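A short write-up of the structure that comes next.
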Amino acid sequence: MTTNEPNPGPGPGPGPGESVHHVPFWFDPLCPWAWITSRWLLEVEQVRPVRADWRIMSLAYLNLVQREGEGLSDGYRKLMESAWGSVRVCAAAAEHAGRPVLGPLYTAIGTRLHNQRRREDPAVITEALAECALPASLAAAVTSTQFDQLIKDSHHEAFDDVGLDVGTPVLRIAGTALFGPVVTPAPRGEAAGQLWDGVLAVAATDGFFELKRTRTRKASFD
């Protein structure tokens, strides 16, 4: 499965004694690292009894409101001020069609923002809505505050648990909310499954908090 294709469908079912891991995954469409991790999770679905449960968070709300803009450069602050747009559209779409639409809509938006590198192109939103057979009128949510409370409620589901010293991606595994994994490029096939196995072990370890090293690569969407 390539990074710009939607999930082709459920992967392997649970084996004897296994259960399906439903994994809430909080994303802001703007974040390249969350995008890569989301493509990894779709790969995991093909090799492990895992199902993603897509949910929204807001980098703008996190950085400008919860963190009060502390330490932001002028350029990043401007980026955050514009970051509301795509996540508002996701919220509007979920309100219109139900939360399951978030998976395909995230793929449609993310492919254009990241793989096609069209982060400044307003047509990204209208094209993504059309690809998901959603009304073009939902694009008006970009500049509307109508769905901001829905965004904040979803955001708090993750960040009240994981804390404010992280960003996105955030996922919940075995009842534990974690930031990450931050990886590039997204592992494929059984390599994706092996990373899942490690993350699952970490999530199940009482008192585990952090593994980290300095990033030495740029985000790769290959």
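Scan region 90-123 residue by residue and report those that are aliphatic (A, V, I, L, M) and out of contact with any Leu (no Cβ under 6 Å at 6 or more places or on another chain).
Ala97, Val101, Leu102, Leu105, Ala108, Ile109, Leu113, Ala123
Say whether the condition of being farther than 22 Å from Ala139 by Cβ and touching a His at 6+ places or on another chain (Cβ under 7 Å) is met by at least one residue in region 77-88.
no
Can you confirm whether Gly163 is on the phi > 0 side of the Ramachandran plot and either in contact with a Phe, Trp or Tyr (Cβ under 9 Å, 6 or more places away or on another chain) or acidic (Asp, Glu) (or both)?
It is true that Gly163 is on the phi > 0 side of the Ramachandran plot and either in contact with a Phe, Trp or Tyr (Cβ under 9 Å, 6 or more places away or on another chain) or acidic (Asp, Glu) (or both).
Quick grid of which residues meet (1) of a type outside the set (D, E, K, R); (2) without any contact (Cβ under 8 Å) to a residue 60 or more places away in the chain:
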residue	(1), (2)
Arg112	no, yes
Ala128	yes, yes
Ala158	yes, no
Ile173	yes, no
Val183	yes, no
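Mind checking whether some residue in region 89-97 is farther than 22 Å from Ala140 by Cβ, part of a helix (DSSP H, G or I) and out of contact with any strand residue (DSSP E or B) (no Cβ under 8 Å at 6 or more places or on another chain)?
Looking for residues that are farther than 22 Å from Ala140 by Cβ, part of a helix (DSSP H, G or I) and out of contact with any strand residue (DSSP E or B) (no Cβ under 8 Å at 6 or more places or on another chain), one finds none in region 89-97, hence no.
Suppose the filter is closer than 17 Å to Trp26 by Cβ, buried (at least 18 other Cβ atoms within 10 Å of the Cβ) and either under 15 Å from the mean Cα position of the chain (by Cα) or basic (Lys, Arg) (or both); does Thr111 pass it?
Spelling it out, it is not the case that Thr111 is closer than 17 Å to Trp26 by Cβ, buried (at least 18 other Cβ atoms within 10 Å of the Cβ) and either under 15 Å from the mean Cα position of the chain (by Cα) or basic (Lys, Arg) (or both).
Could you list, in sequence order, the residues of region 199-221 that are surrounded by 12 or more Cβ atoms within 10 Å (Cβ to Cβ), over 19 Å from Cys31 (Cβ atoms) and within 21 Å of the chain's Cα centre (by Cα)?
If the condition is that a residue be surrounded by 12 or more Cβ atoms within 10 Å (Cβ to Cβ), over 19 Å from Cys31 (Cβ atoms) and within 21 Å of the chain's Cα centre (by Cα), then Leu200, Val202, Ala203 are the ones that fit.
How many residues are aliphatic (A, V, I, L, M) and either over 20 Å from Asn115 (Cβ atoms) or surrounded by fewer than 16 Cβ atoms within 10 Å (Cβ to Cβ) (or both) if we restrict to region 184-197?
Qualifying residue count, region 184-197: 2.
Restricting to region 22-40, name every residue that is part of a helix (DSSP H, G or I) and either of a type in the set (Val, Ile, Thr) or over 21 Å from Asp161 (Cα atoms) (or both).
Of everything in region 22-40, those that are part of a helix (DSSP H, G or I) and either of a type in the set (Val, Ile, Thr) or over 21 Å from Asp161 (Cα atoms) (or both) turn out to be Pro32, Trp35, Ile36, Thr37, Arg39, Trp40.
So in region 187-220, with the set limited to residues that are touching a Pro at 6+ places or on another chain (Cβ under 7 Å) and in contact (Cβ under 8 Å) with a residue 60 or more places away in the chain, which one is nearest to His21 (Cα to Cα)?
Leu195
Values quoted throughout were computed directly from the atomic coordinates according to the rules given, and no laboratory measurement underlies them. Quantities reported herein were computed from a predicted structural model and do not represent experimental measurements. FYI the Cβ positions are ideal-geometry reconstructions off the backbone, even for glycines, and counts take in every protein chain you see.
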